[in-house]
Amino acid sequence: MEYSVIHELVHRLKVSHAMSTDYVTVPPNVAMRVAQQRMREARAGGMPVTRGDEMVGIVTTEDVILWLDGGGRDDLVEQWMTRDVVTVDRRWPLTEAMGLFGKTGFGRLPVLDEGGQLCGVITPESILKSLLDEVSAMLTAKDEAESGRATMDGSVLRIEFDVPARDYERAGMASVRVKRELAARGFKPQLQRRVAIATHECETNLIIHTTEGGRIVALVDDGSVKLTVSDKGPGIEDIERAMVPGFSTASDFVRDLGFGAGMGLPNIRKCADRFEIRSKRGSGTWLHLEFDVTPGDRAPADPPSTDGGGEEVRIR
Amino acid sequence: MWWSDLIAALHATPLVELPDFEAQSVAAADLLSDILATDKEDFVILTGQISPQAIRTALAVGALGVVVVRGKQPPQETVRLAKSYGVPLAVTELRMFEACYVAGGVLWNTPLSTSLSTD
């Protein structure tokens, strides 16, 4: 991961993304012993002192040590707490909070909302956790975006997916990719949706029913979207029956995963403008779908086109 | 129906939070294939499915958000995917029937009892 990614993240993310809302507080009029116990149980290096909704100070490990040094008497929290509290606003970019940690040397900072009310606590650990979450979300998105191979053939975008059998975890990845490509090219949501649903059903069929998986090829140009799906078996026993809504040969296991309602092929046919299927028991299934692109299916402004020549298309 | 109102009525815990939005209807099903077959627009999904496919299904049909019922906790992968693609995700302890009942109350603005128990 490059430095610039983290750099961009800490500027983009807000304090509210990284703060913890699961924190302990203590009222000012209880014994320091209570505060000490609460901090130990919560393994917290400090906690806000609150009277009702109002934060009146913060009590830290250092305050506890000073109190113990002084004999650990039955003093109240308000006698030892730090009143001059450095706080951060939850709308601030993360980088501001990180700067304050460096400047003050504190291990935690209370977070205030728009109304000045305490709404969280931010620590270097909570920042690290939020950054790791974001980075892994970015990696997931990258992984998904890079599923399939996209090439330009003149003005035709060709996206190819090899869909392995039984890889249920990946169901829908091709669909998401195709939809993104259509969105990036200015196709309207209604068309995106028809194509995405059909692609989703096709890849699910390949995953659930085929012996060796199969291939989906999507061809996209200004006038149409075409999908060709092929596999090497086992083939469909009775296509007419398979086209009946609700007819399914899926196992209970597959149904537990949420698939196999028997709506796949009927749904694919419903979404596409043209639908052709050939299948032979023992040798495989071939499916061809076409979606017409009417002038209304595209946004007025064309996105910048990629140069032709079969080069790899980079996904933003 | 505002997403925030739905979440509040379902006593749902948001896992992926995004700016509030309005939905016109709800698609409720445990079989994602059934959701893929819906004609609804501007809708949110109520489902018992917690796999990443629940999010990809939502993306395919253009659903605006996903609420998981029966208190099932989606795996990290699902949450990550929802976050990556900006799909609001929440979990309610209510079972499907109760969740639908409550969602109907929010959707059609009919005050319903919110004292439904989850056991």
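None of the figures in this text is laboratory data; all of them are computed from the coordinates on show. Computed from a predicted model, the values in this text were never measured in an experiment. Cβ atoms come from the backbone with ideal geometry, glycine included; neighbour counts cover every protein chain shown.
Annotation: for a label point projected 7 angstrom from Cα along Cα→Cβ of A:Asn29, residues of region A:77-116 with backbone N closer than 13 Å are A:77-78.
Give the order of A:Met152, A:Met173 when sorted by the count of other beta carbons within 10 angstrom, beginning with the fewest. Provide the component values of the computation, followed by the final result.
On the way: A:Met152 17, A:Met173 25.
Going from least to most buried by this count: A:Met152, A:Met173.
The long axis of helix A:173-184 is offset from the longest Cα principal axis of chain A by roughly 90 degrees. Using bins of 5 Å that start at zero, the share of Cα-Cα pairs per bin across region A:149-253 amounts to 2, 12, 22, 22, 18, 12, 8, 3, 0, 0, in whole %. With Cα atoms as the point set, region A:215-308 shows a radius of gyration and Dmax of 16.6, 48 Å.
Looking at the square roots a ≥ b ≥ c of the eigenvalues of the Cα gyration tensor of chain A, which shape do they give, rounded for a/c under 1.5, prolate if a/b is larger than b/c, or oblate?
Numbers: a/c = 3.66, a/b = 2.48, b/c = 1.48.
In terms of gyration-tensor shape, prolate.
Treating each Cα of region B:3-107 as one equal point scatterer and applying the Debye formula with no solvent, the log10 of I(q)/I(0) at q = 0.15, 0.17 Å⁻¹ comes out as -0.49, -0.65.
Within a straight-line Cα-Cα reach of under 16 Å, A:Lys14 can be paired with the following lysines, leaving aside sequence neighbours fewer than 8 residues apart in one chain: A:Lys129, B:Lys83. Arranged from fewest to most other beta-carbon atoms within 10 Å of their beta carbon, A:His7, A:His209 become A:His7, A:His209. Footprinting exposure proxy ranking of A:Thr50, B:Thr47, fewest other C-beta atoms within 10 angstrom first, gives A:Thr50, B:Thr47. Specify the angular offset, from 0 to 90 degrees and rounded to the nearest 10, of the alpha carbon long axis of helix A:189-209 from the longest principal axis of the alpha carbons in chain A. Once rounded, one gets 80 degrees.
Relative to the longest principal axis of the Cα atoms of chain A, the long axis of helix A:124-145 makes an angle of roughly 10 degrees. The relative contact order of region A:171-308, computed from alpha carbon pairs under 8 Å that lie at least 6 residues apart in sequence, is 28 percent. So what is the calculated 222 nm ellipticity per residue for chain A, using -39500 (n - 2.57) for each DSSP H run with n of 4 or more, over all residues, to the nearest 500 deg cm²/dmol? After summing the helix terms and dividing by residue count, I get -11500 deg cm²/dmol.
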